Amino acid sequence: MATTAAPADRGAPELAAPRSPRRRTKPGTAKARSNFELHAWVFMRISGLLLFFLVLGHLVIMNVLDGGVQRVNFGFVAGRWASPFWRTWDLVMLLLAELHGTNGLRTVINDYAERAQTRFWLKMLLYTSAFLVVTLGTLVIFTFDPDL
Amino acid sequence: MTVVDSRPAAASGPAATGPAPATVTLKIRRFDPEFAAQARWESYQVPFDPSDRLLDAIMWVKWNVDGSLALRRSCAHGVCGSDAMRVNGANRLACRVLVKDLGPEITIEPIKGLPVEKDLIVDMEPFFDAFRAVQPYLITDDHEPTRERLQSAEDRARFDDTTKCIMCAACTTSCPVFWNDGDYFGPQAIVAAHRFIFDSRDAGADERLEILNEREGVWRCRTTFNCTNACPRGIQVTKAIQEVKRALLFRRF
Ligand code: SF4
Ligand code: FES
């Protein structure tokens, strides 16, 4: 009887033998019931849709329209941010992108981090970095001084 | 290892007089916790007729080569749902696929994401836990009618697709979210819930929707469509999941 190596698998990598998944709780019990996952799901769809236009617009303005990225300098940014419209655009884009990405990574961590401790620390890292990025970005957008 | 076909030569059909029967290689993932901690791959040469199903080939191995090969099967006609396995990387009922359609070497593994007990037999309890959790039975709040509970043809058609489930677990164990997160209810439980949520005679929809709104409920679904591909009954599993999501959404907003 010939014994051969494992075949190239389709889909996710193999779980270790005997291939049992982790199980945290019995379904339908104990878990706090809230609408958080529902809201997160709706947020992902709406923010995704908005980001599609915001980011594409941002890319075109910054990299394609007259002169593209070559013309971007302090003066250019100062000129743009003189208008509340662009400040709002950038603020909305910053918030949506950061929260959209954070929620996406939260899901990935929930999926792939096996140990409860690993999950906890990875998420803490994620939330801290998201907080820093959002705070710093918002701070700059609101306090930017063109006469610097 | 070459095994001589000990079956009586096929009594009917042109194959009986034609050239030697075609053979196929079955590569089966074997696991026996009493002898080894690790699973191993074994290959078997199996003769087959064009009309043979994969289940026939596997049973040929069990009867003629190695009687210790463990698997579940019962009806052999796609009714009982006990012989779901991973065939060439996709979940299939062994009794519903023909050997001749699967290529010269067929890889066979237990369905994935449930603890393997022996060879192709997995522990189905986590799967049934999720099924039980969605309350898959009629819930009513009115008086029991003296005759049957009537329903219009349109009302019956609303959930017709999800009544066809035979609980083979092919869908749930093809789902990458379930592979990594054993807490996820999985497609089958949602199909079972769908069957009652959209039944006009049932009064437990809110309760079931509430259950599927949990952290490990429908929102975990990423519309991978593996479940729809895997279902031997042709149930539009992903569509059913989306319909439950939509019901939750419009109930809330
Ligand atoms: S929905 Fe289809 S694949 Fe899933 S358990 Fe039911 S019959 Fe099997
Ligand atoms: S043996 Fe019953 S479904 Fe295949």
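The values are calculated or read from the model by the stated rules, or taken from the named source; none is laboratory data. Just so you know, these numbers come straight off a predicted model, no measurement behind them. Cβ sites come from the backbone with ideal geometry, for glycine too, and all protein chains shown count toward neighbours. Heavy atoms of the whole protein, side chains included, go into the accessibility calculation; ligands, DNA and RNA do not. Shrake-Rupley method; radii C 1.70, N 1.55, O 1.52, S 1.80 Å.
When restricted to residues that are more than 12 Å from the chain's Cα centre (by Cα) and open to solvent by 10 Å² or more (accessible area, probe 1.4 Å), the stretch B:169-178 contains 1. Does any residue of the stretch B:56-74 turn out to be part of a strand (DSSP E or B) and either crowded, with 23+ Cβ neighbours inside 10 Å or facing chain A (nearest Cβ under 10 Å) (or both)? For the stretch B:56-74, residues part of a strand (DSSP E or B) and either crowded, with 23+ Cβ neighbours inside 10 Å or facing chain A (nearest Cβ under 10 Å) (or both): absent. Considering B:166, B:190, the condition of being hydrophobic (A, V, I, L, M, F, W, C) and either closer than 18 Å to residue B:112 by Cα or in a loop (DSSP other than H, G, I, E, B) (or both) is satisfied by B:166 alone.
Scanning the stretch B:159-168 for residues that are at negative phi and within 16 Å of ligand 2 (Cβ to nearest atom), we see that the one that is surrounded by the most Cβ atoms within 10 Å (Cβ to Cβ) is B:168.
All conditions in (1) open to solvent by 20 Å² or more (accessible area, probe 1.4 Å); (2) part of a loop (DSSP other than H, G, I, E, B); (3) farther than 26 Å from residue B:96 by Cβ hold for residue B:207, with the sole exception of (2). The single condition among (1) within 16 Å of ligand 1 (Cβ to nearest atom); (2) surrounded by fewer than 24 Cβ atoms within 10 Å (Cβ to Cβ); (3) not small (Gly, Ala, Ser) that residue B:215 does not meet is (1).
State yes or no: is residue B:47 more than 10 Å from chain A (Cβ to nearest Cβ), touching an Asp or Glu at 6+ places or on another chain (Cβ under 6 Å) and farther than 26 Å from residue B:184 by Cα? Here the answer is yes, as residue B:47 does meet what is asked.
When only residues in the stretch B:218-228 that are farther than 21 Å from residue A:34 by Cβ and in a loop (DSSP other than H, G, I, E, B) count, which is most open to solvent (accessible area, probe 1.4 Å)? So that I can check it myself, show each step before the final result.
Of the stretch B:218-228, the ones farther than 21 Å from residue A:34 by Cβ are B:223-228.
Cutting the leftovers down to in a loop (DSSP other than H, G, I, E, B) gives us B:223-225.
Values: B:223: 56, B:224: 70, B:225: 107 Å².
Step by step, filter the stretch B:218-228, then rank; the result is B:225.
Using beta carbons and a limit of 6 Å, which pairs, at least six apart or on different chains, have the first residue in the stretch B:220-239 and among the β-branched types (Val, Ile, Thr) and the second one within 16 Å of ligand 2 (Cβ to nearest atom) and open to solvent by less than 30 Å² (accessible area, probe 1.4 Å)? From residues that are among the β-branched types (Val, Ile, Thr), the pairs are B:237/B:171; B:237/B:231. Residue count for the stretch B:181-199 under the criterion of being modelled with pLDDT under 95 and more than 15 Å from residue B:218 (Cα to Cα): the result is 0. If only residues of the stretch B:89-113 that are farther than 21 Å from residue B:187 by Cβ and acidic (Asp, Glu) are counted, the one that is nearest to ligand 2 (Cβ to nearest atom) is B:101. Here the helices (runs of 4 or more DSSP H) wholly within the stretch A:30-139 that include at least 3 residues being within 11 Å of chain B (Cβ to nearest Cβ) and open to solvent by 60 Å² or more (accessible area, probe 1.4 Å) are A:36-63. When residues of the stretch B:179-204 are filtered for being open to solvent by 10 Å² or more (accessible area, probe 1.4 Å), of a type outside the set (Phe, Trp, Tyr) and either in contact with a Leu (Cβ under 8 Å, 6 or more places away or on another chain) or within 11 Å of chain A (Cβ to nearest Cβ) (or both), how many remain? Counting residues in the stretch B:179-204 that are open to solvent by 10 Å² or more (accessible area, probe 1.4 Å), of a type outside the set (Phe, Trp, Tyr) and either in contact with a Leu (Cβ under 8 Å, 6 or more places away or on another chain) or within 11 Å of chain A (Cβ to nearest Cβ) (or both) gives 4.
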